[in-house]
1. Please order F10, F30 by the number of other Cβ within 10 Å, starting at the fewest.
2. Which of R207, R178, R40 moves the most in a Gaussian network model of the chain with Cα springs under 10 Å?
3. Percent antiparallel among DSSP beta bridges with both residues in the chain, to the nearest 5?
4. Hey, quick one: spin label on S193, modelled 7 Å out along Cα-Cβ, who in region 220-247 has an amide N within reach, i.e. under 17 Å?
5. Put a dot 7 Å past each Cα toward the Cβ at E39 and L135; how far apart are the dots in nm?
6. For the pair T60 and E203, what calculated FRET efficiency results from E = 1/(1 + (r/R0)^6), where r is the Cβ-Cβ distance and R0 = 35 Å, to the nearest 0.05?
7. If the cut-off is a Cα-Cα distance under 24 Å, which lysines reach K241, setting aside same-chain residues fewer than 8 apart in sequence?
8. Let me see the P(r) profile for region 144-257: every Cα-Cα distance counted, bins of 5 Å, each bin given as a percent of all pairs.
Amino acid sequence: MNEPIRLIVFGAAGRMGQAVLRIASENSGFEVAVAVVRERKDDAGNAVAANYATVVDAGTGADAVLDFSGTAGFNAALDLAVQRRLPLVSGSTGLSDAQQAAMAAAASKIPVLWAANFSLGVAVLAHLAAQAASLLPDWDCEIIEAHHRLKTDAPSGTALTLGERVNASRGRPNDPARIDRSGKRAPGAIGYSVSRAGDIIGEHEVRLAGSGERLELIHRAGDRDLFARGALAGARWIVGKPAGLHQVGDVLGLARR
Ligand code: NAD
C-alpha cells in the first residue's frame, strides 16, 4: 500500500478545517501531521497558540500544506510551504491583490493548487460549459446561481469563473458581471441571476439558449464535505508535481482551454 500523505492543515478549527480533519481521519491515505489554529496573543502581545516555529518542527516529514484559514491565515500557510519547499493546496477565498501576487511568486518555487471551489463536479461543469459554449458560439449564455442567506458576495466567485471560461472559449473579452437586466439583451454578453435563500449550499447553472432549444448544465452541492474531499484529492495529486500554479481541472486531467 502507498504511504499516507502527511498534511499540515491551516485553519484546522474552522468549518472547512474540521471537515478536512474528519475526512482525512476516516481515510488511511492521509495523516494529519500538524493541525494549525489561529495564532492567539496575550495582552502583552506574546503568542499563546500556534507558534509557527513549533509548527515547522512538528511538521518535519510532511508532504503538503493544506490551507482553509481564509485571508487571515493564508500568508502564514504560504510562508511555511515556501520555507519547507512543500506543495500548497489552498481554498482560502477573498485573497487581496498582494496575497495573489505572493501566491504567484511562490508558484515559481513550489507547486500551488488554489481554487475558490474545490468541487470536482464544478470543475467538470466549467469544462463542459466551455466546450458547449464554443460549439454553440451564437447561443445566449446565462449563468444562474443560488446560495444560502448569509452569503455576502454576488454573483458567486464560481459563477464568475464559469462566465470567464465561457468567454475565453468563445475568444471574447471577459465582460463585467451583468445582473441588471433592464433594457434589451446585449448580443454575446453573459447575464447572471442570483438567488439568496435558506441554507442552500450552492447551485450553479450554465444555460445556453438558441432558437427553439436550450441546453442547461447544472451542478448542485449537497454538503460542505465535498469541498474538503476535493481539496484532499488535490493534496494527493500535487505531491511530486513541479512548481507552478495548478488548477482543480488539472487534478482530473481536464484540458485547459
Ligand atoms: P472559518 O472562519 O470557519 O475557518 C477559518 C479558520 O481559520 C478559523 O478557525 C480561524 O481562526 C483560522 N485562522 C485564521 N488565521 C489563522 C492562522 N494564521 N493560522 C491558522 N488558522 C487561522 O471559515 P470556513 O468556512 O472554514 O472557510 C475558510 C476559508 O475557505 C474561507 O476563505 C472560505 O471562503 C473558503 N472556502 C473555500 C471553499 C473551496 O472549495 N475553495 C469551500 C468553502 C469555504
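FYI, it's all coordinate maths here, none of it is from the lab. Predicted model, so just to flag it, every value in this text is computed and none were measured. Neighbour counts run over all protein chains shown; Cβ positions are idealised from the backbone, glycine included.
1. Lowest count first: F30, F10.
2. Of R207, R178, R40, the Gaussian network model singles out R40 as fluctuating most.
3. Once the DSSP bridges in the chain are tallied, antiparallel ones form about 40 percent.
4. Once the point is set 7 Å along Cα→Cβ of S193, 220 turn out to lie under 17 Å by backbone N, inside region 220-247.
5. Output for this residue pair reads 5.1 nm.
6. On the way: r = 43 Å, r/R0 = 1.22.
Calculated transfer efficiency: 0.25.
7. K109
8. Values per bin, smallest distances first: 2, 9, 16, 19, 20, 16, 11, 5, 2, 1, 0.
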